[in-house]
1. Take the Cα of residue B:85, step 7 Å along the line toward its Cβ, and report every residue of the stretch A:282-313 whose backbone nitrogen sits under 18 Å from that point.
2. Among B:258, B:238, B:152, determine the one that fluctuates most according to a GNM of chain B built with springs between C-alpha atoms less than 10 Å apart.
3. Using only the Cα atoms of the stretch A:124-239, what are the Rg and Dmax in Å?
4. How much length, in nm to one decimal, is gained on full extension between residue A:144 and residue A:159, taken as 0.36 nm per residue of separation minus their Cα-Cα distance?
5. Once the Cα atoms of helix A:192-202 and of chain A are each reduced to a long axis, what angle between those two axes, in degrees from 0 to 90 to the nearest 10, is obtained?
6. Counting only the backbone N, which residues of the stretch B:206-233 are under 19 Å from the spot 7 Å out from the Cα of residue B:147 toward its beta-carbon?
7. With a bin width of 5 angstrom, please list the P(r) values of the stretch B:140-220 as percents of all Cα-Cα pairs, from the 0 bin to the one holding the largest distance.
8. GNM on chain A, C-alpha springs below 10 Å: top fluctuator among A:42, A:69, A:22?
């Protein structure tokens, strides 16, 4: 029922799609108001959050219910580094990704060794809640209030300076940074390592027999996803200008799951489409308390129960009636004759 | 630490334990039989609590014990009916779906529960007074024993004994256990497995609703109730061994003690001992204290 192969276009086609999306995103501030530009920036960040999750779920068959811990770690790392230690923003961004990678390595080494499937999901959830509690009770991280009033940085290279606080500059920076992160994630999928992960997802035992170090590969992808997730989190700190412990709450871990399943976990662009659609749902239902949960939950139920390919799976079914199924029907009718 | 403090601490941790067990009992029953880890269990527990609150309100307040008990039972019946709907529309279609997708589907149900609660009852916090009989406390020496706490502990024990009696000493209960052990063989022997699954879901959901009604005056009602309790219940059934009622009972007591004494040692970090214990058990003994090694 579920497509086991990870479906992207060719790498060149996906690069063109990415470029088109970035160009379209650059027009957003010219057309839409500031509130919607803010949401557009959040959609880019969430798209990276979702794509990072799908490196684990769609590509490698690992379900984590604790990705918020890396997102929050990146956000807090960026906030502390820029605000309290005056580290330049781009350096803080890279360091935040490193924090995410180290945290993922620590969690992954113990969690992937001991558990699989639902147990791994609950274990990652428990680890994320541990981090949530630690953040909410640590004085220099602002406890439950978080860190507020984060300034948007300026970038400097020699004599050339850009003030990212001015106008929509930080939005453009987000589009650029997320574009690079997405290109990086797309690159991982196509490497021999990415192919090996697809083999592991289909049949871990057989992959092991073929000489693929299953546990090591899972750990490496967990670390990479932790790094890209933390980088996305680092971008949210100056964009929202506040970080709160809620970023580490387990309900935030479910966001990339929602994006991915809704868009289609078997497709590279699934989480991106899911992030766009869910942001639209949130925006359209913002005045009616509870409606967004209701709509999100029902959409997700429909996807899991009767539409496991997500929206992209549905589109693929419409545009291309599956030839394999027809062939099978033909064989079956022939057989019955 | 004086004897009175220890008694207070024990009463608090046992109250926490039995409140969590009341929620976890249905969760572990459904997992043990249908092998579905139901995220939405906390959502239906919350709906039970809100329903009991509304019923008590309609009957003129929660002052009388009769109204409190009637409201709890009515909430149990109502949530059991919801369970039948959920079974029909969702759970039946999850047979043969990968575990990961099942977990996500029940999370989607939790979102629907939270959304409906917010739409029906709003975001405001409600607090419900316990019935007059249970208001106040007994004083034993220097120790204070709130009557409501003792009632919740008693309710937890009654539900535990009742469930164990049902599963081990009655025909239908043994059928549930048989199907949990081997649905294929049960079907061969002519058991209507589908019907028993549906009945198990109804019982599990009824327990969630009943727990909601019984705990309504122990908690502040808010839409965050579901996610808070479902994680606690997850912890309890993981420690005890998923699918085991007695495991959940002992796991609840153990986690209650760990949490209470942990907070006494580390007052600055509430909740931390709970998650540390849960993480350690998952790492060291994923089948839980009472579970059989399966994974």
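Quick note: the coordinates plus some simple rules give every number you see, no bench work behind them. Because the structure is predicted, anything quoted here is derived from the model rather than measured. No Cβ is skipped: glycine too gets one built from the backbone with ideal geometry, and neighbour counts run over all protein chains shown.
1. A:290-302
2. B:258
3. Values for the stretch A:124-239 (Cα only, Rg and Dmax): 19.5, 57 Å.
4. 1.4 nm
5. The helix A:192-202 is inclined about 60 degrees to chain A.
6. Within reach of a label on residue B:147, which here means backbone N under 19 Å from a point 7 Å along Cα→Cβ, the stretch B:206-233 contributes B:214-219.
7. 3, 12, 17, 18, 13, 11, 9, 6, 5, 3, 1, 1, 0
8. Greatest mean-square fluctuation among the candidates belongs to A:22.
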